[in-house]
Amino acid sequence: MTGTTFRFEAIGTHWNIELAETLDVTASSHLETIIMERIARFDKAYSRFRDDSLVAKMAKEAGDYLLPPDGPALFLLYERVYAITKGKVTPLIGSVMEEAGYDKAYSLTPREVHTAPRWEDALKFDGQILTLKQPALLDVGAAGKGYLIDLVGAVLTKEGHTIFTIDAGGDIIHRDKEAMLRVGLEHPLDITKVIGVVELGNESICGSAGNRRTWDRFTHIIDPNTLTSPTEILATWVVAESTLLADMLATCLFFVPASELVSQFTFQYVVLHKDFSIEHSPTLRAEFY
C-alpha cells in the first residue's frame, strides 16, 4: 500500500499505520495528533501501570464508576467470556499479574501469588456503570490492545479514510474491501521464521503466544485459578470482524477448545500445540509450512 505512513511507539509496542491516501504535511500532522490523543485517553483510563488512571483508582476505592464511552463494549465482552471460560479470562487478573512480577517496575520477580477475585464477588456491570464491590486491580490486556486498534481505526474512518492497515505489535486491522493482505504467523520459538501465512480480507487478526513475555515459571498468560501459565499450546491466532474480538478470543483459546467458542462467536482460528500440530478453521485462507 502506498500513500501515508505513521510509525510510532505507544502502550509499550510499535505501531505502523498505512493509509491509501497521500496527505500533505498539515493534514498528516493533524491526523497524527488526534490518533495520539485517542491512544492517550485509552491509556489513561485502562492502564494498570499508571498511578493516575481510572483503573488505578478502582484498585484503591470500591464504588460505582461511570465508564468512558468506549467502556461498555469492552466489559460486556469480558463478562461474556468470563462465563464461557469459567473465570479463566477475567479483567480481575491484574493483582495476579502484579504479584507474579509483571508489575509497574517490570521486575519479573514473583512474590506470593494469590488467586484472582471472582467476578460475582468483586464486580457488577449494568452496561454503563461498573461497580467495584471491593477494591481490585483490573487488567484488560487480553483484549485492550486489539480494542484500541479498533478505536484508532474509528478515528481514521471518521476522518474520511476507508482504506488503511494498522499493525500494532503484530495485531492487525485491514480495511480494504478489494485487496487482501498476506500476514505471516510468527514462529513462537524463532521470531525470524513463520509457521504459515494467512490472507486477511476486510477484517482483523490477532495472535497470542507466551514467548514474548516469559519469566520465572510464568508467561503473560496466567490462569487466575491455578496460578499457572498454559503449556500445552504454544500460540494462537484469530481472524475476526473486529480486532477487539480477535484479541480476546486469541487468549480464550489457551483455556477452552475452539469448539466451545465457535458456537458463540463468528471467527476463524489457528492453534499451534506443544507438539507443533496445527489446528485451524476449515475455511481459513491460509497456508502452513
Check your understanding: Volume per residue, Å³, of the convex hull around the alpha-carbon atoms of the stretch 1-158?
Key -> 132 Å³
Check your understanding: How long is the gain from Lys86 to Lys60 if the chain were fully straight, where each residue apart is worth 0.36 nm and the alpha carbon distance is subtracted?
Key -> 6.7 nm
Point to revise | Loop-located trypsin sites (Lys or Arg not before Pro) in the stretch 101-206 whose Cβ has at most 12 other Cβ within 10 Å (DSSP) | key: Lys104, Arg111, Lys177
Point to revise | Relative contact order [Cα under 8 Å, 6+ residues apart], the chain, whole percent | key: 17 percent
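Could the peptides 251-263, 195-207, 89-101 be put in order, highest first, of the mean number of other beta-carbon atoms found within 10 Å of their residues?
89-101, 195-207, 251-263
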Practice item. Let me know the charge dipole size of the stretch 140-289 about its Cα centre in debye, to the nearest 20, where only the beta-carbon of Lys, Arg (+1) and Asp, Glu (-1) is charged. Key: 200 debye
Exercise for review: State, to one decimal in nm, how far the label point of Thr33 lies from the label point of Gln264, with both points 7 Å from Cα in the Cβ direction.
Suggested key: 4.3 nm
Check your understanding: What full-extension length gain, to one decimal in nm, is calculated for Glu21 and Asp52 as 0.36 nm per residue of separation minus the Cα-Cα distance?
Key -> 7.5 nm
Practice item. For every helix of n ≥ 4 consecutive DSSP H residues, a contribution of -39,500 (n - 2.57) applies; sum these over the chain, divide by its total residues, and give [θ] at 222 nm rounded to the nearest 500 deg cm²/dmol. Key: -8500 deg cm²/dmol
Check your understanding: Going through the DSSP H helices of the chain, which span 27 Å or more along their own axis at the Cα atoms while scoring at least 1.6 as a mean Kyte-Doolittle hydropathy?
Key -> none
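Under the classification rounded if a/c is under 1.5, otherwise prolate if a/b is larger than b/c and oblate if not, where does the stretch 54-132 fall, given a ≥ b ≥ c as square roots of the Cα gyration tensor eigenvalues?
Details: a/c = 2.03, a/b = 1.50, b/c = 1.36.
Judged from the Cα gyration tensor, the stretch 54-132 comes out prolate (a/c at least 1.5, a/b above b/c).
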Practice item. For the chain, build the charge dipole from Cβ charges (+1 Lys, Arg; -1 Asp, Glu) around the Cα centre, then report which of Leu227, Gly169, Tyr147 sits farthest towards its positive end. Key: Leu227
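Just so you know, all these numbers are worked out from the coordinates, no wet-lab data involved. Keep in mind that this is a model prediction, so the values were computed, not measured. Every residue, glycine as well, gets a Cβ built from its backbone with ideal geometry; the counts of neighbours run over all protein chains shown.
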